[in-house]
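The values are calculated or read from the model by the stated rules, or taken from the named source; none is laboratory data. These numbers were taken from a predicted model, which means no experiment stands behind them. No Cβ is skipped: glycine too gets one built from the backbone with ideal geometry, and neighbour counts run over all protein chains shown. Side chains included, ligands, DNA and RNA excluded: accessible areas come from the protein's heavy atoms. Shrake-Rupley method; radii C 1.70, N 1.55, O 1.52, S 1.80 Å.
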Amino acid sequence: MNGARHRQWGGGLAIYAFAYLAFLYIPVLLLPLFSFNDSLFIAFPLRGFTTKWYAAMAADTQMRAALWNTLKVGATASLVSTILGLLAAKALTQSAPLPSRGFVLGFANLSLFIPEIVIGIALLILMTSVGLPLSLTSVVIGHVLICLPFALLVLMSRLEGFDSSLEEASRDLGENAWMTFWRVTFPLVLPGIIASLLLTFIVSFDDFMLAFFLCGTDTTLPVYIFGELRFPYKLPNVLALGAAILIASAALIALAEWARRLGAEGAARDRVIGA
Amino acid sequence: MLLSPTTALLLFALAAPIALLVLYSFWTQSGFNVDTQPTLVQYATVFTREGYRTLFLRSVAISSVVTLVTVALAYPIAYFVAFRVQRAKFTWLLLLTIPFWTSYLLRVFAWKVILGFNGVINSGLISLGLISRPLEFLLYNPTAVVVTMAHTYAAFAILPIYVSLEKIDRSLLEAAADLGDGPFRRFMRVTLPLSLPGIIGAAVLIFVPTTGDYVTPSLVGGSDGVMIANLIQVQFGRVNNWPLGAALAISSMAAVGIIAVSVTQAARLAVARIR
């Protein structure tokens, strides 16, 4: 193999990689940039620095209500989907594989392969058929469904390296099932639980499509933003809000990835000790 | 037993709604109520009305282009991280996935801001003196939809391809080199075929949800970029013809599923023959 040519290829690839990162980041970073721009229009040249859009955003009571709704939905959906995911992941990663393992996993991940609009209208039909009014509760039901694959992914990978002899030892020493879970299983799975809570919260916080069909009059933040996009004079407020959301969600994701990595390293270590 | 809460949720929030959706597609709307006499009239409308067929074909065409472009752009990045990056793999993967986790709606909005008549590109080029009048072909057309989706769905391509490249046994590459294959032949005969599962996975993960995307065509598509999801939404909103909306959703989902499965199988067969 020609070494010099190989290195040249590598150099070209690295340049491409950085160009691609620019393609991913520049559009997103324009939102914070223009959110400090003293102009109603999102256009160059920049007019000067201002924080008035942030002040306007903070004073917007409708937006605050939508934010509060979104946080409530996100907290509930992430908690419920993580608990369901933990129970299911525990059952699916047992040393004696369940006969229904593949079926349940496929069923749980199915929502990833159905366009969100179809899930949205199907749940809308369900709610009207069973007579449940559209509210934040119906949004939570939809969000738990779409959060479940993410919770399962994170928690199953954490539980797969789990040494079940630790639980057996706890039971042999006289702890009941609940105390065994609480004192042995839970602390070992904790990094995975944190990662799952954060990721599912983000999935719920981000979702527009399901909330659009299911929230009724209890607007969530993405639904509120989508409504605001029709009014050009409100765009700077959306920019300020968007910038705040971008920074908060990037921080949450970095935290979730860090927790997951902590978990992965822990799981690898457990396996080594087990062997 | 641990699985029962999750199974119950999946039955209630996924299986039942989809079953109801199918049921609805055989009913008819009469005023504000639905007539539950089973009929195929909705499907007859879906398949015979020319406007619907045009819209469906356009959705499939746009999604196909999006899939090709996104996978082609993402492959070199996945290759770079899998084979060239030595120690900072985690950092690269994190950098590539963070934008994916930040609000989908805001990323689409960012492109609207970039491509708009008075947007970032136009105002930037005008203030640099490169053009005198804003370019009108940037926003509100299928190309704008493709560009936006190639950005918003990037992570769906990068991650599966990266995982399949990372799995490749490096000794196979050495063997190919030892047997006299140059870098290009080696890539075509070893790396590319072995990364095919990742490419297929990425293609399905992009093609299926983009055909049902509502936000992107609504915000950047304009009237030429309207897709099937917009039509479905209208049936559940302004037009208030839920059975027709259900039939549109079911038939487009079925068609997309058939296309995805047959293209995947064809790709597998083609590669098996090349090898």
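Among the helices (runs of 4 or more DSSP H) contained in the stretch A:102-181, which hold 1 or more residues that are touching a Leu at 6+ places or on another chain (Cβ under 8 Å) and within 13 Å of chain B (Cβ to nearest Cβ)? Reasoning before the result, please.
On the way: elements: A:116-130, A:136-160, A:165-172, A:177-180.
The helices (runs of 4 or more DSSP H) meeting that bar are A:116-130, A:136-160.
Which one of these is open to solvent by less than 20 Å² (accessible area, probe 1.4 Å) and aliphatic (A, V, I, L, M): B:Ile199, B:Ile206? So that I can check it myself, show each step before the final result.
Working: B:Ile199 fails: open to solvent by less than 20 Å² (accessible area, probe 1.4 Å).
Sole residue among the options that is open to solvent by less than 20 Å² (accessible area, probe 1.4 Å) and aliphatic (A, V, I, L, M): B:Ile206.
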Specify the residue that is farthest from B:Leu244 (Cα to Cα); the eligible residues are those in the stretch B:214-234 that are open to solvent by less than 10 Å² (accessible area, probe 1.4 Å) and part of a loop (DSSP other than H, G, I, E, B). B:Gly225
Of the numbered conditions (1) modelled with pLDDT under 90; (2) assigned to a helix (DSSP H, G or I), B:Val145 satisfies every one except a single condition; which is it? (1)
Keeping to the stretch B:62-89, report how many residues are part of a helix (DSSP H, G or I), more than 14 Å from chain A (Cβ to nearest Cβ) and either closer than 30 Å to B:Gln29 by Cβ or free of Cβ contacts under 8 Å to residues at least 12 places away in the same chain (or both). 1
At the interface with chain A (Cβ under 9 Å from one of its Cβ atoms), of a type outside the set (Asp, Glu) and in contact with a helix residue (DSSP H, G or I) (Cβ under 6 Å, 6 or more places away or on another chain), is that true of B:Leu138? no
Those residues of the stretch B:56-78 which are farther than 21 Å from B:Asn141 by Cα and open to solvent by less than 40 Å² (accessible area, probe 1.4 Å), in sequence order: B:Val71, B:Ala74, B:Tyr75, B:Pro76, B:Ile77, B:Ala78
Only one of (1) more than 10 Å from chain B (Cβ to nearest Cβ); (2) not in a helix (DSSP H, G or I) fails for A:Leu98. Which number is that? (1)
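From B:Leu125, B:Leu130, B:Leu105, which residue is more than 26 Å from the chain's Cα centre (by Cα) and part of a helix (DSSP H, G or I)? Break it down into steps so the answer makes sense when it comes.
Working: B:Leu130 fails: part of a helix (DSSP H, G or I); B:Leu105 fails: more than 26 Å from the chain's Cα centre (by Cα).
Step by step, each of B:Leu125, B:Leu130, B:Leu105 is checked, and only B:Leu125 is more than 26 Å from the chain's Cα centre (by Cα) and part of a helix (DSSP H, G or I).
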Given the conditions (1) surrounded by 15 or more Cβ atoms within 10 Å (Cβ to Cβ); (2) within 11 Å of chain A (Cβ to nearest Cβ); (3) outside any loop (DSSP other than H, G, I, E, B), which single one is not true for B:Tyr52? (2)
Looking for something more than 10 Å from chain B (Cβ to nearest Cβ) and at pLDDT below 80 - is there at least one such residue anywhere in the stretch A:220-228? no
Is there any pair with a first residue in the stretch A:51-80 that is without any contact (Cβ under 8 Å) to a residue 24 or more places away in the chain and a second that is in a helix (DSSP H, G or I) and open to solvent by less than 50 Å² (accessible area, probe 1.4 Å) whose Cβ atoms are under 6 Å apart and which are 6 or more apart or on different chains, and what are they? none
Mind checking which residues of the stretch A:36-50 are open to solvent by 70 Å² or more (accessible area, probe 1.4 Å) and touching a residue at least 60 places away in the same chain (Cβ under 8 Å)? A:Leu40
Test: residue in the stretch B:242-253 that is within 14 Å of another protein chain (Cβ to nearest Cβ), over 24 Å from the mean Cα position of the chain (by Cα) and open to solvent by 20 Å² or more (accessible area, probe 1.4 Å): yes
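Which of the following residues is out of contact with any Ser or Thr (no Cβ under 6 Å at 6 or more places or on another chain) and modelled with pLDDT under 85: A:Ala244, A:Ala268, A:Ala251?
On the way: A:Ala244 fails: modelled with pLDDT under 85; A:Ala251 fails: modelled with pLDDT under 85.
Selected residue: A:Ala268, the only one of A:Ala244, A:Ala268, A:Ala251 that is out of contact with any Ser or Thr (no Cβ under 6 Å at 6 or more places or on another chain) and modelled with pLDDT under 85.
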Can you confirm whether A:Ser165 is surrounded by fewer than 19 Cβ atoms within 10 Å (Cβ to Cβ) and within 21 Å of A:Val189 (Cα to Cα)? yes
Kindly check whether there is at least one residue in the stretch B:170-189 that is among the small types (Gly, Ala, Ser), open to solvent by 10 Å² or more (accessible area, probe 1.4 Å), within 9 Å of another protein chain (Cβ to nearest Cβ) and closer than 22 Å to B:Ile77 by Cα. yes
Of all residues in the stretch A:233-259, which are more than 30 Å from A:Pro191 (Cβ to Cβ), free of Cβ contacts under 8 Å to residues at least 40 places away in the same chain and surrounded by fewer than 22 Cβ atoms within 10 Å (Cβ to Cβ)? A:Lys234
Taking the stretch B:91-135 and keeping residues open to solvent by 40 Å² or more (accessible area, probe 1.4 Å) and within 7 Å of chain A (Cβ to nearest Cβ) leaves B:Leu95, B:Tyr104, B:Asn118, B:Ser127
Could you check, for the stretch A:185-196, whether at least one of its residues is at pLDDT 90 or above, in a helix (DSSP H, G or I) and buried (at least 23 other Cβ atoms within 10 Å of the Cβ)? yes
